2 protein chains.
Amino acid sequence: MTTATQFKVLEQNHPRVDAHDKVTGRATYASDVYLPGMLACKLLPSTRNHARIVSMDTSQAAALPGVRAIITGSDFPDIRYGSGALRDRYVMPREVVNFVGEPIAAVAADDEATAQEAVELIRVEYEDIPSVVNPLAAMVEGAASVHPELESYEGYGFTLGHNVSTLLDADRGDVEQAFRDADVVVEDVYRSQGINQGFLEPMACVADVEPNGRLVMYASTQGPYQLRASLAGVLEMPVSRIRVVAMELGGGFGAKLRLACEAFPALLAMRTGRPVKLINTREEVFTLNGPRLPVTNYIRSGVMNDGTIVAREAYTIFDVGAYLGAGPNSGIGHGIGAYRIPNFRLRSYGVYTNKIYVGSYRASGVADMTFAVESHMDRIAHEIGMDPYDLRLHNALREGDVSVSGAVVPSNGLIETLEAIKEKMEWPRQLEDGHGLGLALCEWRSGSGPSTAAISINDDGTVSLLTGSTDISGSDTSLAAIAAEALGIPMESVIVAKRDTDMAPYTGQSGGSRVVYSQGTAVHRAAQDTVQKLTALAAERLGVPEDALACEDGRVYVMDNEPQGLTFAQLAAASITSRGGPIIGTAALSSMPYTPVFAAQAAEIKVDRGTGQIKLLRYVQAQDVGVAINPMAVEGQLDGGVVQGIGRALTEDQQFDPDNGAVRNPSFASYLMPLAIDLPEIEDVLIRVPAEDGPFGARAVAEPPGFGPPAAIANAVYDAVGVRVKQLPLSGERVLAALNGEYDDIPFDVEALRLAEGII
Amino acid sequence: MTTATQFKVLEQNHPRVDAHDKVTGRATYASDVYLPGMLACKLLPSTRNHARIVSMDTSQAAALPGVRAIITGSDFPDIRYGSGALRDRYVMPREVVNFVGEPIAAVAADDEATAQEAVELIRVEYEDIPSVVNPLAAMVEGAASVHPELESYEGYGFTLGHNVSTLLDADRGDVEQAFRDADVVVEDVYRSQGINQGFLEPMACVADVEPNGRLVMYASTQGPYQLRASLAGVLEMPVSRIRVVAMELGGGFGAKLRLACEAFPALLAMRTGRPVKLINTREEVFTLNGPRLPVTNYIRSGVMNDGTIVAREAYTIFDVGAYLGAGPNSGIGHGIGAYRIPNFRLRSYGVYTNKIYVGSYRASGVADMTFAVESHMDRIAHEIGMDPYDLRLHNALREGDVSVSGAVVPSNGLIETLEAIKEKMEWPRQLEDGHGLGLALCEWRSGSGPSTAAISINDDGTVSLLTGSTDISGSDTSLAAIAAEALGIPMESVIVAKRDTDMAPYTGQSGGSRVVYSQGTAVHRAAQDTVQKLTALAAERLGVPEDALACEDGRVYVMDNEPQGLTFAQLAAASITSRGGPIIGTAALSSMPYTPVFAAQAAEIKVDRGTGQIKLLRYVQAQDVGVAINPMAVEGQLDGGVVQGIGRALTEDQQFDPDNGAVRNPSFASYLMPLAIDLPEIEDVLIRVPAEDGPFGARAVAEPPGFGPPAAIANAVYDAVGVRVKQLPLSGERVLAALNGEYDDIPFDVEALRLAEGII
């Protein structure tokens, strides 16, 4: 097993390379871009959730002094695009609006106030079309159709049912027989709420058009290359005519993976020949950036009396809103959790409704699935009279098991995380009345996708590292640490370049726990390529064979004669007159092997029986990180994730008007994120079972911490006061109602779904 | 022989990729950089050319409201640096000033006017030291010593003589015997003047310090990596703590190859924590940017009656001013010109004087050498009664000859350039009185040095090209054309990235005809690497062996079955899920084989016997370009170079006070560059003998055009009116004086030099 002492850079704390810039306010965000002659952009939101635009009169707005251009849907090429599996939307509606707040016109004016005044002068006449807001209602025969032409959309393969955008399935074994053989069958329906990513920096961008017509987009984005491709699509321009400059990111968490409003200032800039800036209001952030929408989860298990789970059925309904932003794949990917279940039937529906569209947020949907699966595990435990910890340990995936996707589970630290939590939380433990303990087990995988890196040696022996990844939560610092470790040089000797799409090689988005594992592997391999080239050059100059040389501490030397060697600086100087020229190491990769990440979490809480309020007393998590590239960054990720999960468990709730689907609480005053005062100290345990792949054995870190709190806290509530709340958030009102025997009604007609599938 | 029809991109005219930005004023130069809180920097120039600074009182200046910092030499680390072979200078003098105008203090203030006012409030007390201004006088025993501690300087190898910074030699054969055997010996002394590079954009830069202490330098530079290294040296900082952003270049021609004034705003920015901008005045440009200083050339040849030159002796004295900016290597590299001369003794002295320091300008010194060598060729021709054209043809270097450096001359178009000029100028031709024709032959080599390139494929099949070369005179366009040709895609599909030292791989300076030949080769090889990777991926996806595939027109296809293939866009998409990941092709090289460049030029002129004024009637040049990457850019280079050469021949003359060496004419009102009205149409003939190396057979283009005009015009003056002017410029006054039998006295004690060497 790898230990910290093997490393010179890794497993040691390094402040973020961008820390000074961020804390002193010198970091440049998209909203900090000021260009000469720049115009301000404002958007006109639809007031209806399903309507035909009969007419739009922009004449008064256009006549306002200072207004430079107004665009509507018909100013864009007549092209449908999509960020998910279907091309189901126009960048701006041409005829029909599908949700309240959908932008139907954009104005560029000399200043924001003028642009806003102009927006308000646009007169729109609508003709309402029947709409549907609740996804379960939307699936019923006779419901209004959100996309009447759905079957003609590119990407739509076969008839899935009413308003169903996508239906995914995963099956193994003989599920019916297994249920018949089971000693006990446990059945539940869970519901989780709409969740906003809650990033601090509103989406902002500046579009500029070079005199040669090339579009430059300064953007707040997690995926500059993907943004470039989307812009090229909706504007019908070749990718090579667009440059995306990824500015500092003030939080993204999935919301900045895709095209949002960038096309509006882009087209306005092309129309006016002047730079155009758009900064979303917080209301627009809540409406246009694709938060997570409610998920309803039917889950049923067949269990033997010894605790062995033999069968699982799960039907998950993902509300995707007006457009399919992120797919419902977590419904099948995480329906069995971190357990070996030999027989399963998993179904995952994405259902259109006339409300804002769904987007990504930290491993979209997995937190919803984990709430259901891990609450359900406790239900099973109590049903068969087994300790919830023992039930989890009994069924936990082990090395050599087959994961839900069919991949063989490699060595991992799942059991160690469970054991660490048991020890740390002193589980099981008898508590006073109203106090409770709850467990949750979280599983995720290390993210893959296109990753590239280039390392060049500077003339003083320091290196420049170029990647296409946007920095999120200190990932640049981690990549620098990986390069430093692989090259045997200090962190300070690694320059991490700021990048844009013109300069850096193509790279996937920063998200889904992808950067350190996949991008980090590319950096590791580029460093190895660099070492190989340095060694070849040293061999040539020292007149010895390459295999007689070692590379360490920024120096290549003869193993048998350590004083004989050349420093990186000397090699950099030599390279300039060498046949091979300056040293550049590169690496590229696309897919990485399946590498799971497991975490165990436990909450200790107190419930106020008078108000239903939950007070968190302790929160403990243990996660298998493989190797900690930068322990302080790892703990930052773990703590940040748990806090997001606590918000999801207790207070966060993006709400929609049941009649027209409008966002009810589009502000931080009404959308309640946890404050420091709401939180206990988070206790972290790092488990280190090195990954078989990944840089130096590191696993992804970011996502799992956020999955556990809803179930761990819900399970603790049951432990404390004996009520099982199956709907999030676990608000005081909801817990109090449960204490009074009143539970939310979560209707779910699983028979109808089975019937439609022909299963019964 | 390669013909234009083989190419799809090359040999066709492409407007410069930066043309729109430049003509619309959108291109961003260093002076266009505005940062919040930015200060202005002004410099205090020394008023003496050799003096000890007894005291400097900055108290009044520091007390001026708005003044933020004042620095003097002792604020910099006590480190000598040098841009040439010797570490002979401080970035700002600590005790002793060596030329009039040398900056001895710098002020940062809220605005330029305040900074200038502060500069004028600094009180300096000097104690004069004996000085010397004329290099020939400086070499004489007993002359004042510019650098009394010269022998202690790092890089100074052995005693060279009084005030001699460097002495280079090149010898071949038995020179004394050859002179004894010769039928005729011809001996001359030539003198060329100080020449300013005459770029339009004054040197400008903005220094910024990030909160973490990292220095960012926005600079007008031909060599961002070299500037970074120099700044690191004089500021005693690691290279990795400095980032140089190369801004658009408004002309450089060699003056922006090296550290100039950038360290002053850099230190001021570090002292104040605020960005500091320095824009040189035109007077500072003439004083601090290292122009060329006068060159004196003793040249003697032994010739047989049939015209065969059997011996050559040349002693060249380069005035290097106060510091050795550029070495005197052209004195030995170009003492025999484009001719086969079996016996030679070439000596080249760099001599210190108390005036501004020498820098680089378009193949520094070669134009001076060409003036001497090609004037001397005409002198020989007339001496032995041979046509100057025939003499040149008779002695011209041929393939297989050995060049002065010892390299074997590869195939080339020298003879073709001579023949083309003969035909075009209808040589020999009898002209009316006062009219004359003159020839000159120019030789240079294609520049080498560290070159790197990286090409990545975008998702639509276009490519991004990343190099570390600053764009000079359209070189980005040429590099794009090379990439396009090698990849089989249109020019529009190549994005050339703007670069800085953080991002691009280490690359040599843009200068010395280096970019297209060496950097272009790196781009060509990177494109080949890209094609190889695309082919490997296509082979994998199509299930055929790599050697069954061809790559053409942005597509890899099966040679036996053309419709079966994949476009670059399809391959880019495939790469994202491939084992190898996104496609990046790279290449690096340092040295390229010797590839000569030859040009023949001819002038037709008329001399006004009453005023001595020369009127240029025709100017014809033929140059072997190998292959024209972008013919309109090649002709732009040829025409621009000839115009610079005409300025050197007729009007340009940077003059120095004979007593204190101060620049006498530091402005475009007194330093006379040719205007359009002074010029005939330049007639260009492109000869295409492909180089054995170089991208697609291309040779360097930029430098030779500027070498020929002084000799071609001087030879035409002799043809027209029978006077031989051996000193530049060929001003009306000087020609008129010659017509009256008065010639400049150019004293040259060659005996003393031979004696010092022990030759006689």
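Since only A:Gly647, B:Ala338, B:Gly307 are under comparison, the one whose Cα sits farthest along the positive direction of the charge dipole of the protein assembly as shown, derived from C-beta charges on Lys, Arg, Asp and Glu, is A:Gly647.
Please compute, for peptide A:448-456, the average count of beta-carbon atoms on other protein chains lying within 10 Å of each residue's beta-carbon.
Details: counts 1, 3, 8, 2, 6, 1, 8, 1, 12.
Partner Cβ neighbours, averaged per residue: 5.
Among B:587-598, A:131-142, the peptide with the highest mean count of other Cβ atoms within 10 Å heads the list, and the full ranking is B:587-598, A:131-142.
Legend: calculated FRET efficiency, B:Met632 to B:Ser667, from the Cβ-Cβ distance at R0 = 35 Å, rounded to 0.05, equals 0.60. Shown here: region A:58-159, whose C-alpha atoms stretch 51, 24, 19 Å along the first, second and third principal axes, sorted largest to smallest. Counting only residues at least eight positions apart within a chain, or on another chain, the lysines with an alpha carbon under 28 Å from that of A:Lys422 are A:Lys606, A:Lys615, A:Lys726.
Charges only on Cβ, +1 for Lys and Arg, -1 for Asp and Glu: so what's the dipole of the protein assembly as shown about the Cα centre, in debye to the nearest 20? Don't skip to the end; give the middle numbers.
Values: 122 positive and 192 negative charges, 102 e Å.
Dipole size: approximately 480 debye.
For region A:626-667, the alpha carbon positions stretch 50, 19, 17 Å along the principal axes, listed from largest to smallest. As a rough footprinting exposure proxy, the listed residues A:Arg48, A:Arg300, A:Arg123 were ranked by other beta carbons within 10 Å of their own, and the order from fewest upward is A:Arg123, A:Arg300, A:Arg48.
Using the eigenvalues of the Cα gyration tensor, what equivalent ellipsoid semi-axes result for chain B when each is taken as the square root of five times the eigenvalue, whole Å, largest first?
42, 39, 23
Here region B:178-296 yields Rg over Rh of 1.23, to two decimals, using C-alpha coordinates and the Kirkwood radius. For region A:637-706, the set of GluC sites (Glu not before Pro) satisfying both a DSSP loop assignment and a count of at most 16 other C-beta atoms within 10 Å is given as A:Glu681, A:Glu692. Each label was represented as a point 7 Å from its Cα along the Cα-to-Cβ direction; for A:Glu176 and A:Asp553 these points are 7.2 nm apart. When peptides A:477-486, A:381-390 are ranked by their average number of other Cβ atoms within 10 Å per residue, the highest-first order is A:477-486, A:381-390. The alpha-carbon atoms of region A:462-566 define a convex hull whose volume equals 100 cubic angstrom per residue.
Along the positive direction of the dipole of chain A (beta-carbon charges: Lys, Arg +1; Asp, Glu -1; about the Cα centre), which of A:Ile495, A:His382, A:Thr611 reaches farthest? About the Cα centre, the residue reaching furthest to the positive side is A:Ile495.
Can you classify region B:1-72 as rounded, prolate or oblate using the Cα gyration tensor, where a ≥ b ≥ c are the square roots of its eigenvalues, rounded means a/c under 1.5, and otherwise it's prolate if a/b beats b/c and oblate if not? Note, shape of region B:1-72 comes out oblate. The largest-to-smallest principal axis extents of the Cα set in the protein assembly as shown are 122, 66, 62 Å.
For region A:649-743, relative contact order (Cα pairs under 8 Å, six or more residues apart, normalised by length) works out to 29 percent. Subtracting the Cα-Cα distance of B:Glu383 and B:Glu95 from 0.36 nm times their residue separation leaves 98.3 nm of extension gain.
Kindly identify region B:586-691 as rounded, prolate or oblate by the Cα gyration tensor criterion: order the square roots of the eigenvalues as a ≥ b ≥ c, call it rounded if a/c is under 1.5, otherwise compare a/b with b/c, prolate if a/b is larger, else oblate. Judged from the Cα gyration tensor, region B:586-691 comes out oblate (a/c at least 1.5, b/c at or above a/b).
Each part gets one Cα centre, and for region A:513-584 versus region B:247-298 those centres are 36 Å apart. The other copies place their B:Glu423 label points at 9.1 nm from this one, listed shortest first, where each point is 7 Å from Cα along Cα→Cβ.
With a cut-off of 12 Å between beta carbons, the residues surrounding A:Leu534 carry a summed charge of -1, where Lys and Arg count +1 and Asp and Glu -1.
Determine, at each q value in 0.17, 0.18, 0.26 (inverse angstroms), the log₁₀ of I(q)/I(0) that the Debye formula gives when each Cα of region A:432-515 is one equal point scatterer. Taking Cα atoms of region A:432-515 as identical point scatterers yields -0.73, -0.80, -1.31. Centre-to-centre separation between the Cα atoms of region B:20-77 and those of region B:316-332: 29 Å.
List B:Cys551, B:Cys205, A:Cys442 from most exposed to least, where exposure is judged by having the fewest other Cβ atoms within 10 Å. Don't jump to the answer; show the numbers that get you there.
Numbers: B:Cys551 21, B:Cys205 29, A:Cys442 32.
Lowest to highest Cβ neighbour count: B:Cys551, B:Cys205, A:Cys442.
Its residue count N fixes a reference of 2.2 N^0.38 Å for region B:640-721, and the Cα radius of gyration divided by that reference is 1.47.
Sorted from shortest to longest, the distances between the B:Gly758 label points of this copy and the other copies are 10.5 nm, with each point 7 Å from Cα along the line through the beta carbon.
Under 8 Å for C-alpha pairs, at least 6 residues apart: give me the relative contact order for region B:310-366, rounded to a whole percent.
Numbers: 102 pairs, mean separation 29.7, N = 57.
Relative contact order here is 52 percent.
Sorted from nearest, the other copies put their A:Arg172 label points 7.9 nm away, the label point being 7 Å from Cα in the direction of Cβ. Treating r as the C-beta distance of A:Val184 and A:Thr47 and R0 as 60 Å, the FRET efficiency rounds to 0.70. The ranking of A:Arg292, A:Arg80 by Cβ neighbour count inside 10 Å, starting from the fewest, reads A:Arg80, A:Arg292. Projecting the Cα atoms of A:Ile104, A:Ser165, A:Pro135 onto the charge dipole of the protein assembly as shown, computed from C-beta unit charges around the Cα centre, puts A:Ile104 farthest toward the positive end. Under the membrane-span-like helix rule (DSSP H runs whose alpha carbons stretch at least 15 Å along the helix axis, mean Kyte-Doolittle hydropathy 0.0 or higher), chain A yields A:224-235, A:366-384, A:414-425, A:475-487, A:631-650, A:709-721. Averaged over the residues of A:503-513, the number of partner chain Cβ atoms lying within 10 Å of the residue Cβ comes to 5. Is the shape of region A:27-111 best called rounded, prolate or oblate, per the rule: a/c under 1.5 gives rounded, else a/b larger than b/c gives prolate, else oblate, with a ≥ b ≥ c the square roots of the Cα gyration tensor eigenvalues? Oblate, since a/c reaches 1.5 and b/c is not below a/b.
Just to verify a number: FRET efficiency for B:Ala737 and B:Val140, C-beta to C-beta distance, R0 = 25 Å, to 0.05? About 0.35, to the nearest 0.05. Return a whole-number percent for the relative contact order of chain B, with Cα pairs under 8 Å and 6 or more residues apart as the contact set. Relative contact order for chain B comes out at 16 percent.
Where a number appears in this text, it was derived from the coordinates with a stated rule and is not lab data. All values derive from a computational prediction rather than experimental measurement. Heads up, the Cβs are rebuilt from the backbone with ideal geometry, glycines too, and the neighbour counts pull from every protein chain shown.
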